[in-house]
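Beneath this line is the structure, given in structure tokens, with notes to follow.
The values are calculated or read from the model by the stated rules, or taken from the named source; none is laboratory data. Quick caveat: nothing in here was measured; it's all calculated off a predicted structure. Heads up, the Cβs are rebuilt from the backbone with ideal geometry, glycines too, and the neighbour counts pull from every protein chain shown. Surface accessibility is based on the protein's heavy atoms, side chains included, excluding ligands, DNA and RNA. Shrake-Rupley method; radii C 1.70, N 1.55, O 1.52, S 1.80 Å.
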Amino acid sequence: MNIAILSRGPGLYSTQSLLIAGQRRGHRMYLIDYMDCSLVLEGNRPRVYYKEERLGRIDAIIPRIGASGTFYGASVIKHFEMMGVYTTLPSEPLLRARNKLRSLQLLSRSPHIQFPKTVFGHFNQNVDFLLDSVGGIPVVIKLLRGTHGLGVILAKNRSTAESVIESFQKLKERIIVQEFIQESAGEDIRALVVGGEIVAAMKRKARPGEFRSNLHRGGSSIHIKLTSAEINSALEAVRLLGIRVAGVDMLQSNRGPLLLEVNPSPGLEGIETTTKVDVAGKIIELIERQAGQ
Ligand code: ADP
């Protein structure tokens, strides 16, 4: 098959891992920087040009879209979809998952998924109300457009929480306020879902003195086996959002798994090196099973 990886970073671990996995299985692999794609609409034949040249036949795309490239990335994916090209990440689910609040709202009706108590309000919302509605101090304050743990703040006392929230409100930055899950103490779990199956899972631990367990913030990771409740939540979240490949982040709490986020373009380095699972290979196998159906 002709498979294109849509990525801005040809040298990134995830891009290279997918490239090698596809070549190993005998596919013709292309690397495309989606920001260099032009989308042509003419008659009823949508076409994609890459660096001013019309792209030849592509059977499947693997979008690796960074948070800052979401809008244009989703438009490029949509164009491929309109041309009948299989994608491991359709455009609508990408947009849905990138809006943290919208995706939590969509998942909130499922009996299989629990969250930390969370509140969202307009910029003029009363701060006392926000804090009290998640059970009071300590709270976690998160920028809605944050990634890699940046813009995630633990406020241990009320005056800090108030000044942080008021500052963000003044800056017109959208935030959510969340109860702090004390017992998960600087740890979270990530389940990698490919084609409705959990293919790998790891637990991440924050470095000493840090409560955010993101590997980008210096956390470490170990391979784990998920409980059935964790498996059910992760699979249900991905199913409801309509995503084929995702990293699902959860906290392990006294009341079971609590969903933090579904990442539609999960990095492969941490999960592959920690678990030794060839996740990229599983993604190529998904394409082999589903493209052209
Ligand atoms: P990002 O999408 O930027 O990674 P997350 O919501 O995943 O933001 O938060 C980053 C990290 O902070 C998580 O991996 C987790 O370790 C910690 N964390 C986030 N929310 C909570 C919470 N409500 N209680 C305890 N720890 C949390």
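Computed quantities for the displayed model
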| item | result |
| --- | --- |
| Hits in segment 20-65 - residues which are touching a helix residue (DSSP H, G or I) at 6+ places or on another chain (Cβ under 9 Å) and among the basic types (Lys, Arg) | Arg24, Arg25, Arg28, Arg47, Lys51, Arg64 |
| Residue within segment 121-143 that is under 24 Å from the mean Cα position of the chain (by Cα), more than 21 Å from Thr70 (Cα to Cα) and modelled with pLDDT under 95 present | yes |
| Output for segment 251-284, where each listed residue is assigned to a helix (DSSP H, G or I), out of contact with any strand residue (DSSP E or B) (no Cβ under 7 Å at 6 or more places or on another chain), touching a residue at least 40 places away in the same chain (Cβ under 8 Å) and more than 29 Å from Ile141 (Cα to Cα) | Glu272, Ala280, Gly281, Ile284 |
| Residue check for Ile77: surrounded by 15 or more Cβ atoms within 10 Å (Cβ to Cβ), within 18 Å of the chain's Cα centre (by Cα), aliphatic (A, V, I, L, M) and assigned to a strand (DSSP E or B) | no |
| Counted residues, segment 168-182 - those being modelled with pLDDT of 95 or more and more than 9 Å from the ligand (Cβ to nearest atom) | 1 |
| Complete set of residues in segment 207-235 that are modelled with pLDDT of 95 or more and open to solvent by less than 30 Å² (accessible area, probe 1.4 Å) | Leu226, Glu230, Ser233, Ala234 |
| Subset of segment 27-71 [open to solvent by less than 90 Å² (accessible area, probe 1.4 Å), small (Gly, Ala, Ser) and not in a loop (DSSP other than H, G, I, E, B)] | Ser38, Ala60, Ala67, Gly69 |
| Filtered residue count, segment 1-26, keeping only those that are under 23 Å from Pro264 (Cα atoms) and either among the hydroxyl-bearing types (Ser, Thr, Tyr) or open to solvent by 80 Å² or more (accessible area, probe 1.4 Å) (or both) | 7 |
| Test for Gln169: is it in contact with a helix residue (DSSP H, G or I) (Cβ under 9 Å, 6 or more places away or on another chain) and either part of a strand (DSSP E or B) or buried (at least 16 other Cβ atoms within 10 Å of the Cβ) (or both) | yes |
| Residue check, Tyr30 under 19 Å from Leu268 (Cβ atoms) and out of contact with any Cys (no Cβ under 9 Å at 6 or more places or on another chain) | yes |
| Test: residue in segment 175-196 that is touching a residue at least 60 places away in the same chain (Cβ under 8 Å), more than 14 Å from Leu260 (Cα to Cα) and not hydrophobic (A, V, I, L, M, F, W, C) | yes |
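Every residue, every condition in (1) within 19 Å of the chain's Cα centre (by Cα); (2) near the ligand (Cβ under 9 Å from one of its atoms); (3) part of a loop (DSSP other than H, G, I, E, B), yes or no:
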site: Asp188; (1), (2), (3): yes, yes, no
site: Val199; (1), (2), (3): yes, no, no
site: Arg204; (1), (2), (3): yes, yes, no
site: Arg207; (1), (2), (3): no, no, yes
site: Glu210; (1), (2), (3): no, yes, yes
site: Ile222; (1), (2), (3): no, no, no
site: Lys225; (1), (2), (3): no, no, yes
site: Ile231; (1), (2), (3): yes, no, no
site: Ala234; (1), (2), (3): yes, no, no
